Amino acid sequence: MEKKIVIPDNVMRFLRSTAIDVGDFRKRIFFEHTKKLIGRVCVESPIEQILYVALIAVAQFKYVTDDITIECQEKIGKYRIDFMVEISGGNPVFIECDGHEFHDKDQKQRDYEKARDRYFTKKGLKVFHYTGKNITDAPYVVATEIIDYLMLEVNNG
């Protein structure tokens, strides 16, 4: 049987205060680090920036930050895709963020995107499409779906 250790009130107060300080410190580090990353990579649109931040955050929540790769504006053949996300040991998933400002402006753009999707399918690439509304309304849900899919691929692979 384990011996029960009593933690005095003053120690509990110090523990709570320290937890807040550690949280504040980690929050500042996350903010500054992620802001620098956004500036270094080619994240074009606000919805892409939101998804990028959510992917980094969810990777931390799921303890896969050392194993995840997030590439932006990845060139595949003659096409470009918004994100390539990969966890070590698994196949990548390619992400398209379909916002009104950058996608589906006219028939020519829609034809281009459909041809691109067929090209990716022929290459055997897994592409997830998310609307700007999906991303802005629930960025963590979208990022969690992507990372959970990748983790499942690694575990089943």
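The table that follows gives values for the structure above.
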quantity	calculated
Computed lengthening from ARG26 to CYS42, 0.36 nm per intervening residue step minus Cα-Cα distance	3.3 nm
Cα-centred dipole magnitude for the chain, charges only on beta-carbon of K, R (+1) and D, E (-1), debye, nearest 20	180 debye
Stokes-Einstein D for the stretch 1-40, Kirkwood Rh over Cα pairs, 20 °C, 1.002 mPa s (µm²/s)	168 µm²/s
Sequence-separation-based contact order of the chain, relative, with Cα cut under 8 Å and 6+ spacing, percent	22 percent
Entries in LYS35/LYS78; LYS75/LYS126; LYS62/LYS126; LYS35/LYS75; LYS36/LYS78; LYS36/LYS133 that, when Cα-Cα distance is taken, lie over 19 Å	LYS35/LYS78; LYS62/LYS126; LYS35/LYS75; LYS36/LYS78; LYS36/LYS133
Dipole magnitude (debye, nearest 20) for the stretch 1-40, charges at Cβ of Lys, Arg, Asp, Glu	220 debye
FRET efficiency, ASN155 to PHE128 (Cβ-Cβ, R0 22 Å, nearest 0.05)	0.75
Reciprocal mean inverse distance between Cα atoms of the stretch 64-126 - Kirkwood radius, Å	12.8 Å
Full-extension gain in nm, ASP111 to ILE7, via 0.36 nm per residue minus C-alpha separation	30.8 nm
Rel. contact order, % - alpha carbon contacts under 8 angstrom, at least six apart, the stretch 1-92	17 percent
The chain: most fluctuating residue of ASP67, ASP82, ASP98 per GNM, C-alpha cutoff 10 Å	ASP67
Gyration tensor over alpha-carbon atoms, the stretch 45-156, equivalent ellipsoid semi-axes in Å	24, 17, 10
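Every number in this text was worked out from the coordinates using simple rules, so none of it is lab data. Note that the coordinates shown come from a computational prediction; the quantities given were computed from them, not determined experimentally. Positions of Cβ are generated from backbone atoms using ideal geometry, with glycine treated the same way; all protein chains shown enter the neighbour counts.
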